[in-house]
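Quick note: the coordinates plus some simple rules give every number you see, no bench work behind them. All values reported here derive from a predicted model rather than from experimental measurement. FYI the Cβ positions are ideal-geometry reconstructions off the backbone, even for glycines, and counts take in every protein chain you see.
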Amino acid sequence: MRRALFAVVTLALLLPGCKRDELEKALEEANQKIEAGARDLDAERNKNKQLGAENDSLNERIAVLDAEIKALEEQIKDLADKAGSTAAELAELRKEKAKRLAELQVYRDLFGQLKALVDAGTIKVEFRKGMLVVKLSSAILFDSGKTNLKEEGQTALADLATALKTVGDRDFLVAGHTDNVPIKTARFKSNWELSTARAVEVVKFLIEVGMNPDHIGAAGFGEFDPASDNSTEEGRAQNRRIEVVLLPKLGDIPGMKEMLMGKS
């Protein structure tokens with residue numbers, strides 16, 4: 001390509017008048033195409049790098065669960081080998097192992113369902129505070145300062161609902177988030193109101209496309225749970241988002257009922 005451009009430049013110097021102008025224009029257009037191609041290549045590399053990091057986060061969480069399960073297996077074996085271990089201790093460890101295995105399978109199955117949306121750039125998936133979080137940019141879902149779902153947002157949420165519905169007997173929380181730029185309109189006095197209204201709108205739509213209303217709720221966090229630095233436009237754009245959180249299934253905590261009833 002560079003040899004071809006050098007030939008164009010050399011030829012332009014040898015030709016007079018309008019021919020030289022035409023060649024110089026062609027050269028300028030070629031340079032613009034090269035620069036645009038380089039920008040597109042850099043953008044694609046950055047996108048692939050970000051997707052790789054998100055997949056790494058999920059793989060790390062799965063690896064942690066695998067390690068916890070192996071540690072429980074060792075404890076079970078150790079207790080079984082030692083004299084004096086009780087059947088209750090072994091049963092409790094086996095119960096804990098079964099719970100971890102079930103949780104691990106939920107993550108693997110759900111991530112398999114979500115992978116196409118992640119690869120397409122529609123959603124981002126990560127583990128944060130011990131929970132699986134699906135993130136959607138507010139730009140996909142809403143116009144600035146609005147709560148009406150855009151058509152492309154409805155499509156994204158319908159695809160997401162198809163995956164989430166495969167998770168049985170688990171609860172989801174839809175959380176609205178904003179950047180730290182204050183909003184004050186006739187309808188929304190603060191970012192709290194805007195983020196909450198958007199979360200409710202998403203919940204209503206997810207229920208319309210088949211999600212169980214008994215297992216989904218809404219919350220607004222305003223600007224108080226940022227995912228990035230609000231000092232840059234890029235960071236603020238990342239903070240304007242909707243998150244769908246798979247809530248952990250804790251089960252019964254031994255002694256909790258007695259404590260609440262004042263018996264311990």
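A few remarks follow.
- Available extension along the chain between Ser231 and Lys77 is 50.1 nm, counting 0.36 nm per residue and deducting the alpha carbon span.
- Sites Gln154 and Glu68 - FRET efficiency at Förster radius 41 Å, r taken between beta-carbons, to 0.05: 0.60
- If you sort the three axes of the alpha carbon gyration tensor as a ≥ b ≥ c, you get a/c of 1.5 or more for the stretch 167-257 and a/b above b/c, which makes it prolate.
- Inter-site label distance for Val209 and Asp171 at 7 Å from Cα along Cβ, in nm: 2.4
- Highest to lowest packing among 144-150, 176-182, 227-233, scored as the average C-beta count within 10 Å: 176-182, 144-150, 227-233
- With a threshold of 22 Å on the Cα-Cα distance, the over-threshold entries among Lys99/Lys129; Lys115/Lys146; Lys99/Lys204; Lys115/Lys165; Lys135/Lys184; Lys70/Lys99 are Lys115/Lys146; Lys99/Lys204; Lys135/Lys184.
- Ranked packing of 186-198, 92-104, most packed first, by mean Cβ within 10 Å: 186-198, 92-104
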